[in-house]
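The structure appears below as structure tokens.
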Amino acid sequence: MLAKYTGVITSFESRDLLKTLTAHRGIATVPIAGKYRAIDFPLSYMKNSGIRNIHVLTSKNCRSLRNHLDVAKSWGLNRKNGGLTIHSGDVESDTELLVENFDDLLKSKDEMIVIAPTYMVANIDLDKAIEFHELSEADVTVIYKNIPEPSENFLGCDILEFNEKNHLTRACANFLPKKNQNISLEIFLIKRSLLMALVMSRPHNQISLKDIIYRSKNNLKIMGFEHKEYLSCLNSLANYFRTNMDLINSKTLKEIFFNENRPIFSKVKDSIPTHYLSEEVVKNSIISNECFIEGTVINSVLSRYVNVEKGARVENCIILQNCTIKAGTHLKNIIVDKNVVLEETELEGNPSYPLVIQKKYKF
């Protein structure tokens, strides 16, 4: 790394995107692949590139986020100087909160900033992006992924267009899937002094960091760095469901979680292994520790402390922690929030419109 970087993770995505699933938590802490949370991805790829000073910007209602990040040593960020800092407040945008906390950013000697959101699921090789940024002498580098075929998986995301010199010329929302779209990961590399100048000259408090940068494309040298590996955006229930189903695929799972140089870290919990007492089928699923499996589990993701009783069937489902699926219950294409008990019922959703069973519901 040719310059020292500070990380800024923004968690201001609208909770309306995931509807009831984010009624009691922000998108940053929605479970992914059982034991992970969405914020684990930017925290991990920043840690893996040697960043040791990370600021998380979030709204005032962030109890679940603070609970998840209370042991910063899971990411090697429990440090006397720098480390992990959470900034929250009753504000309308990440820019407004950033201005309120400029003093903390100024304490760092790091010249450069990496900005990342929490709702993009990817394992970024940030070292390569940093090397590209330094060698290109760009004012700003934005990371994107090219999607060769039309895909509805990135509706609502930002599309980027570049000229023959790889300079950003256009940024707009994706409302119509087309071939060869460059999807922004909303990850930016920028000098701290330039970021502060842009934020201080913002036209209003509601504008986001990413929009401030996009608006400056005619005055700055903004260049694109292509991420060529897996990407998913948690901007709808269908995408959240699809992301977890994607990770059941062994190739995708290995690409994301089993890269020796870029591991994904999460909060460490002492737990016992899952008990499998089933005479029925358990296959092609991600099952976390401390589950008790007697029934059938197929193509599903189970968080910790899930009990699937004998005679129950769970297929193409996401079951969050501390749920009991009692005998006689059949579930397909369902998202079950935590602390739910389901007894002798049959429920089936659609992968494009998955049914969500709300937290603490008893049926």
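Here are the numbers:
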{"item": "Over the range 240-363, equivalent-ellipsoid semi-axes from the Cα gyration tensor in Å", "result": "23, 17, 14"}
{"item": "Centre separation in Å (Cα based) which lies between the range 106-170 and the range 273-343", "result": "38 Å"}
{"item": "Two-site label geometry, residue 175 and residue 261: point separation in nm, points 7 Å out along Cα→Cβ", "result": "4.2 nm"}
{"item": "Contour excess over end-to-end distance, with Cα ends at residue 167 and residue 23 and 0.36 nm allotted per residue", "result": "47.9 nm"}
{"item": "Pairs from 47/269; 165/228; 179/210; 267/310 whose Cα-Cα separation, in the structure shown, is over 27 Å", "result": "267/310"}
{"item": "When each of 35/145; 60/254; 128/283 is checked by Cα-Cα distance, pairs over 30 Å", "result": "60/254; 128/283"}
{"item": "Rough spin-label spacing in nm, given labels placed 7 Å along Cα→Cβ, for residue 64 and residue 283", "result": "3.3 nm"}
{"item": "Residues 68, 204, 133, 167 arranged by fewest to most Cβ contacts within 10 Å", "result": "204, 167, 68, 133"}
{"item": "Residue 197 paired with residue 229, simple spin-label distance in nm, labels 7 Å along Cα-to-beta-carbon", "result": "3.4 nm"}
{"item": "Stokes-Einstein D (µm²/s) once Rh is taken as the Kirkwood radius of the range 111-255 over alpha-carbon pairs, at 10 °C in 1.306 mPa s", "result": "99 µm²/s"}
{"item": "Burial ordering of 70, 40, 270, fewest other beta-carbon atoms within 10 Å first", "result": "270, 70, 40"}
{"item": "Cα-centre dipole for the chain with unit charges at Cβ (Lys and Arg positive, Asp and Glu negative), debye to 20", "result": "560 debye"}
{"item": "Beta bridges per DSSP with both ends in the range 275-357, % antiparallel, nearest 5", "result": "5 percent"}
{"item": "Extension gain, residue 71 back to residue 103 (0.36 nm per residue minus Cα-Cα distance, nm)", "result": "9.1 nm"}
{"item": "Percent of Cα-Cα distances greater than 30 Å, calculated over the range 5-257", "result": "21 percent"}
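Throughout, read-outs are computed from the coordinates displayed, never taken from laboratory work. Note that this is a predicted model, so its numbers are computed, not measured. We place every Cβ from the backbone using ideal geometry, glycine too, and count neighbours over all the protein chains shown.
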